[in-house]
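Working notes, structure below.
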Amino acid sequence: MCGFVGVLQPASSGPVAESTLRALLPYIRHRGPDQEGVYVDGPFGVAAARLVIRGGPEGDQPLVLGDGEEVVVFNGELLDTDPRENDTRRLSAGSGDAAVLTGNMGAAAHYKRAEGDLVLWSDPLGIKPLFVTYVDGAFWFTSELKPLLAAMPALRTLSYAGVPELLHYQRPRRRMPFEGIDPVRGVTILSTVFGDLVDLAVDVPLPEEPLEGDPVEAVREAVASSAQRAANVDGPVSLFLSGGLDSSAVAAFCGRDDVLCLTGRFDAPDGSLDESEDASAVAAMHGLPHEVVDLRDEDLIHDLPDVIRALEIPMMGPGSLALWRMALRAKEHGKVVLTGTGGDELFGGYARTALALGRAGPWTKGYEGLRAKIESGGANPEARLRAAFSRFDDLQPVLSDAFLRDLPAPDPIPLAEDESLLDALLREEREGTLRGLLHVEDRVTSAHGLEGRPVLSLGDVPAVACGLPAAWLIGPDGEGKRALREALRGHIPEHVRTNPRKRGFPTPFARAAR
């Protein structure tokens with residue numbers, strides 16, 4: 001986990017000033033507190049900060065090859081390489097090859113002086129951030145929004161296409177809420193060879209080939225492989241263990257007996273928000289050390305300003321406040337924390353997915369209000385899709401009439417031609433919900449100089465999940481994550497495996513606010 005911010009501008013604009021980039025280092029230093037550097041050469045410049053997980057000075061950034069003929073910066077980890085290999089050098093050899101980052105996590109920039117090209121690329125799920133914008137003819141790229149918003153206040157202008165998405169879905173689906181700033185998804189190539197910047201963007205989707213063979217065994221193998229790769233660190237590793245299916249899978253398959261399991265608890269023992277008993281049972285089954293991080297309502301209010309600054313945009317739910325406190329404890333232990341982020345989104349784990357399909361049952365108990373909201377859309381698939389994801393009703397009472405009057409409707413969530421409602425629901429979870437959760441996880445962990453590794457979003461897990469038969473995702477009684485649940489049979493306590501309660505550090509923000 002590292003950070004970088006850089007610029008490529010037309011030759012007519014003159015050389016990039018080193019002082020400009022050095023002034024932006026404080027805004028990315030939290031992402032890489034171990035080493036930082038700046039490189040400028042004519043129309044190109046980049047500042048980078050590095051968190052050292054593996055390797056020594058040979059991995060310092062920016063990585064300059066030859067006599068400045070090539071410059072590479074990288075934010076993330078290539079978990080499928082030998083720990084002794086240098087990730088940034090491997091990326092320079094496969095510049096722009098999105099397959100290098102498929103199954104890994106990261107975003108990279110590679111400048112080639114002779115060609116005048118800048119190649120940017122990121123992993124398909126957007127686990128590590130990369131944003132771009134044009135300002136006064138120059139092309140800027142960055143791991144976080146902070147440097148751009150600090151250096152160029154004009155970029156703080158709200159996007160009246162992006163803000164509705166944020167208000168309705170509480171995470172950007174297609175657009176950022178700031179005018180002119182866009183996320184990189186796939187590969188973007190910028191060239192100055194003709195004097196002007198030419199943008200050639202290539203989207204890189206997740207593979208969605210149907211699985212061959214036993215789906216349960218395929219899921220088990222993919223999760224085990226991803227967990228072991230993510231835990232392959234020379235040094236201490238933590239795990240955010242909620243006692244739910246996803247983080248329990250990481251505990252079961254990580255292959256280490258020294259991973260420190262951390263469970264956040266905003267309640268008295270055995271209270272309604274206490275998940276520690278199930279988490280403790282999972283940790284004990286695998287001989288893992290386990291700690292309960294007791295949290296207070298006062299902590300939520302105390303941490304709120306810091307969390308808002310870390311997230312950069314107001315999104316998702318209050319769970320980020322619980323993660324903030326747990327990250328403090330994980331930082332005391334080491335530099336890497338494992339999570340189960342991605343399981344619900346990839347394997348169909350949300351009640352809203354089952355309810356939108358009309359599959360209410362014992363696994364959707366407690367979501368009667370959401371069921372009524374979805375049913376109000378009738379049989380229209382797109383209406384049910386919108387109703388399942390929109391949370392605008394929660395925010396509308398606190399928005400002024402004038403603001404609502406000027407606010408355009410968000411872009412619709414259409415079904416593609418011949419796309420089933422189930423496929424559309426899972427696509428929206430991957431491209432919307434999961435990206436939002438990964439945004440939160442990255443910002444909260446990086447604010448503490450931690451690298452978060454979302455195990456169920458890495459390795460072959462996404463491809464395997466996308467290839468599962470529909471019957472192995474959501475059952476007729478509303479049971480989600482059927483393949484993952486079956487893959488964990490015998491690997492986690494049975495009462496945890498079959499518990500329909502949604503878990504994941506429930507955070508009582510409304511109680512704290514009152």
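The values are calculated or read from the model by the stated rules, or taken from the named source; none is laboratory data. Just so it is clear, the structure is predicted and the values come from calculations on it, not from any experiment. Cβ placement follows ideal geometry from the backbone for every residue including glycine, while neighbour counts extend to all protein chains displayed. The protein model used for the area step is the full one, side chains on, heavy atoms only, and it has no ligands, DNA or RNA in it. Shrake-Rupley method; radii C 1.70, N 1.55, O 1.52, S 1.80 Å.
In table form, for the structure just shown:
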quantity: Heavy-atom SASA rank of Thr133, Thr507 (probe 1.4 Å, accessible area, largest first); calculated: Thr507, Thr133
quantity: Acute angle (nearest 10 degrees) that the helix 215-230 long axis makes with the longest principal axis of the chain, alpha-carbon atoms; calculated: 50 degrees
quantity: Integer Hz, Karplus 6.51/-1.76/1.60 couplings in order for the range 137-152, x for Gly and Pro; calculated: x, 9, 9, 9, 9, 7, 7, 9, 6, 3, x, 5, 5, 6, 7, 10
quantity: Formal net charge of residues neighbouring Pro289 (Cβ-Cβ distance under 10 Å; K, R +1; D, E -1); calculated: -3
quantity: Beta bridges per DSSP with both ends in the range 1-92, % antiparallel, nearest 5; calculated: 95 percent
quantity: Sequence-distant residues sharing a close amide H with Phe178 (under 5 Å, placed H); calculated: Ser159
quantity: Sequence-distant lysines (8 or more away, or on other chains) whose Cα lies within less than 19 Å of Lys146; calculated: Lys128
quantity: Carbon and sulfur %, accessible surface of the range 315-366 computed with the full protein complex present, 1.4 Å; calculated: 51 percent
quantity: Sorted peptide list for 25-37, 473-485, criterion being average Cβ within 10 angstrom, highest first; calculated: 473-485, 25-37
quantity: Amide H contacts under 5 Å for Gly264, placed H, 5+ residues apart; calculated: Val293
quantity: Where the range 311-431 is the region considered: accessible area per residue in Å², 1.4 Å probe; calculated: 46 Å²
quantity: Integer Hz, Karplus 6.51/-1.76/1.60 couplings in order for the range 355-365, x for Gly and Pro; calculated: 5, 5, 8, x, 10, 6, x, x, 7, 10, 4
quantity: Relative contact order (%) - criterion: Cα under 8 Å, at least six apart; region: the chain; calculated: 17 percent
quantity: Whichever aspartates and glutamates have a C-alpha closer than 12 Å to that of Lys481, once near sequence neighbours (fewer than 8 apart) are set aside; calculated: Asp246, Asp344, Glu345
quantity: For the range 18-141, the Rg and Dmax computed from alpha carbons only, in angstrom; calculated: 13.8, 42
quantity: Kirkwood Rh and Cα Rg combined as Rg over Rh, evaluated for the chain; calculated: 0.96
quantity: Sulfur and carbon atoms: percent of accessible area, the range 460-514 [1.4 Å]; calculated: 54 percent
quantity: Translational D in µm²/s for the range 208-348 (Stokes-Einstein at 20 °C, 1.002 mPa s, Kirkwood Rh from C-alpha pairs); calculated: 132 µm²/s
quantity: Residue-wise HN-Hα coupling along the range 23-35, computed from phi with Karplus coefficients 6.51, -1.76, 1.60 (Hz; x: Gly, Pro); calculated: 5, 9, 4, x, 7, 10, 4, 5, 6, x, x, 8, 6
quantity: Relative contact order %, the range 357-435, counting alpha carbon pairs below 8 Å whose residues are six or more apart; calculated: 28 percent
quantity: Sites matching trypsin sites (Lys or Arg not before Pro) across the range 316-355 that sit in DSSP coil, with at most 16 neighbouring C-beta atoms within 10 Å; calculated: none
quantity: Cut-off under 5 Å, modelled amide H: who pairs with Met105 long-range; calculated: Glu77, Leu79
quantity: Surface accessible to a 1.4 Å probe, Glu486 within the full protein complex, Å²; calculated: 60 Å²
quantity: Which of Ile127, Ile308 is most accessible, then next, and so on - probe 1.4 Å; calculated: Ile308, Ile127
quantity: Simple Cβ-charge dipole of the chain, Lys/Arg +1 and Asp/Glu -1, about Cα centre, in debye nearest 20; calculated: 1080 debye
quantity: For Ser238, solvent-accessible area (1.4 Å; no DNA, RNA or ligand), Å²; calculated: 0 Å²
